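Throughout, read-outs are computed from the coordinates displayed, never taken from laboratory work. All figures in this text were calculated on a predicted structure; none of them were measured in a lab. Positions of Cβ are generated from backbone atoms using ideal geometry, with glycine treated the same way; all protein chains shown enter the neighbour counts.
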Amino acid sequence: MEITVSRKAHFNAAHRLYNKEWSEKKNSQVFGKCNYPNYHGHNYELIVSVKGKINPDTGYVIDMGELKNIIKNEIEERLDHKNLNLDVPYFSNVIPSAENISIFIYDILRNKISKALKLSVKLYETPRNFVEYSGN
Ligand code: NI
């Protein structure tokens, strides 16, 4: 039997969606407000879900304090109050869409959480728009 536990986290970050290969006009047509040259912020809500068997010694799938610290140290420290395009090297060549930010987060967390556990990240860019990534 496997069961899923989830931890919510939050960060604020600025970005600009921009494809260097395209003209200003095409960028504006495709990305709309998210293409504004001077960047804009989002209040990102992150939900990290871990699925696995319950450890009979603890009754836990994963120690939530440990998961909280991993998210804080590895994700919030890297992304909170940052300009994703300028401050996070990964996004110097990757468009910082919610899709790509989710993959960035997943890949970091995947290396920090036991491979015996399944991982999924859900990222809300707005209260109504969110992306989910579980690898592959
Ligand atoms: Ni945006």
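If I ask for residues that are in a loop (DSSP other than H, G, I, E, B) and more than 16 Å from Gly41 (Cα to Cα), which ones from the range 121-136 would you list?
Ser134, Gly135, Asn136
Counting only residues that are aliphatic (A, V, I, L, M) and surrounded by 13 or more Cβ atoms within 10 Å (Cβ to Cβ), which one in the range 1-17 is nearest to Arg78 (Cα to Cα)?
Checking each candidate, the answer is Ala13.
Which of the numbered conditions does Asn27 fail, given that it passes all the others? Conditions: (1) within 16 Å of the ligand (Cβ to nearest atom); (2) surrounded by 12 or more Cβ atoms within 10 Å (Cβ to Cβ); (3) within 19 Å of His81 (Cβ to Cβ).
Against the list (1) within 16 Å of the ligand (Cβ to nearest atom); (2) surrounded by 12 or more Cβ atoms within 10 Å (Cβ to Cβ); (3) within 19 Å of His81 (Cβ to Cβ), Asn27 comes up short only on (3).
For (1) within 16 Å of the ligand (Cβ to nearest atom); (2) buried (at least 17 other Cβ atoms within 10 Å of the Cβ); (3) within 16 Å of Val121 (Cβ to Cβ), each residue gets a yes or a no:
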position: Asn19; (1), (2), (3): yes, no, no
position: Gly32; (1), (2), (3): yes, no, no
position: Asn35; (1), (2), (3): yes, yes, no
position: Gly52; (1), (2), (3): no, yes, yes
position: Pro56; (1), (2), (3): no, no, no
position: Lys68; (1), (2), (3): no, no, yes
position: Leu79; (1), (2), (3): yes, yes, yes
position: Ala98; (1), (2), (3): yes, yes, yes
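For the range 96-110, which positions are hydrophobic (A, V, I, L, M, F, W, C) and within 16 Å of Arg16 (Cα to Cα)?
Across the range 96-110, the qualifying residues are Ala98, Ile101.
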